[in-house]
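Comments concern the structure below.
Where a number appears in this text, it was derived from the coordinates with a stated rule and is not lab data. Since the model is a prediction, treat every value here as computed from it, not as a measurement. Don't worry about glycine lacking a Cβ; one is built from the backbone with ideal geometry, like all the others, and counts go over all protein chains shown.
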Amino acid sequence: MEQGWFERLTEIMTAMAEGDTDALGALHEEYGDPIGGVVRKELARLGVTHLDAAEVDGLAVDVCADLFRRAKSWDASHGVLPWTWGRLRVRAIVVAYVGQFTDPLPEGGPADIEAVAPPAGRADEPVLVTLGRLASVRSELGLLEEALRRVSRPSQQEILFEVRMQAGQGDPSPAVTVARAYALRPEAVRQTCKRLVDRVSRLAATDPYFAPLGDLHLLRQAS
């Protein structure tokens, strides 16, 4: 990464957070290539190969516009690129566009949320890898990881943590964002979160070993 590259990006994002539409143009002009690269990764994940360069660039413009609307929530101090921070938004934009040219899903999306495969690719560290890494150094998260393994499947856990991450990033409708990325209904995402929280809460209430989870913030604020 060139010296000053991230600093310039931060300057543009700050200007966009203040409503500067010229900064939106600058984001696409100066950072369109890496944003387009993320779009191409999402297209590859979906097995889509028929889009031309103009369509990919159009999707990059859509991503820039979405980042413009959410610029106030991005925090440069975390050192995370905006399009990585908003990776589920990028995924939702691509899925929505590609969906115009595919057969519609059955009403309500896939019949079994547990059967949905975790998304491929690596816009940043997979959420369950992050949980495992943190669980090794924080006892309460280690206990949570153990409880979740007992009462749920990894695909369900991903849904829960993706929703929490989106909410933590300031997304006003995290279930909607995650639902679009996983081709599900928002209500199915909300129900998955509620079921997992209820199961872990019951475990904490009935098994003394898991009792410390009863006060975990994640369980109080999960949906």
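3J(HN,Hα) along region 126-136, derived from phi through the Karplus expression 6.51 cos²θ - 1.76 cosθ + 1.60 where θ = phi - 60°, amounts to x, 5, 6, 5, 4, 4, x, 5, 5, 5, 6 Hz, with x in place of Gly and Pro. Panel order for 209, 182, 97, by other beta carbons found within 10 Å of each beta carbon, from fewest to most: 209, 97, 182.
Projected label points at residue 96 and residue 65, each 7 Å from Cα along the beta carbon direction, are separated by 0.9 nanometres. Between the residues 21, 82, 46, the greatest Cα displacement towards the positive end of the dipole of region 1-103, with unit charges on the Cβ of Lys, Arg, Asp and Glu, is found for 46. Considering only 32, 58, 93, whose Cα is most displaced toward the positive end of the charge dipole of region 1-103, charges sitting on Cβ of Lys, Arg (+1) and Asp, Glu (-1)? About the Cα centre, the residue reaching furthest to the positive side is 93. Full-extension gain between residue 54 and residue 217, please, as 0.36 nm times their residue separation minus the C-alpha to C-alpha distance. So the chain would gain 54.2 nm between residue 54 and residue 217. The label-point distance for residue 77 and residue 209, in a model that sets each label 7 Å from Cα toward Cβ, rounds to 3.9 nm.
Net charge in the neighbourhood of residue 170 (other residues with Cβ under 12 Å of its Cβ; Lys, Arg +1, Asp, Glu -1) is +2. The calculated FRET efficiency for the pair residue 130 and residue 45, based on their C-beta separation and a Förster distance of 25 Å, comes to about 0.85. Averaged over residues, the count of other Cβ atoms within 10 Å places the peptides 174-180, 38-44 in the sequence 174-180, 38-44, highest first. Taking 0.36 nm per residue of separation and subtracting the Cα-Cα distance, full extension of the segment from residue 30 to residue 149 would add 38.5 nm. Site pair residue 5 and residue 199 shows an inter-label distance of 4.2 nm when each label is modelled 7 Å from Cα along Cα→Cβ.
Please give me the summed charge of the neighbours of residue 210: other residues whose Cβ is under 15 Å from its Cβ, Lys and Arg +1, Asp and Glu -1. Computed value for this residue: -2.
Per q in 0.15 1/Å, what log10 I(q)/I(0) does a Debye calculation on the alpha-carbon atoms of region 1-103 return? Summing over Cα pairs of region 1-103 leads to -0.59.
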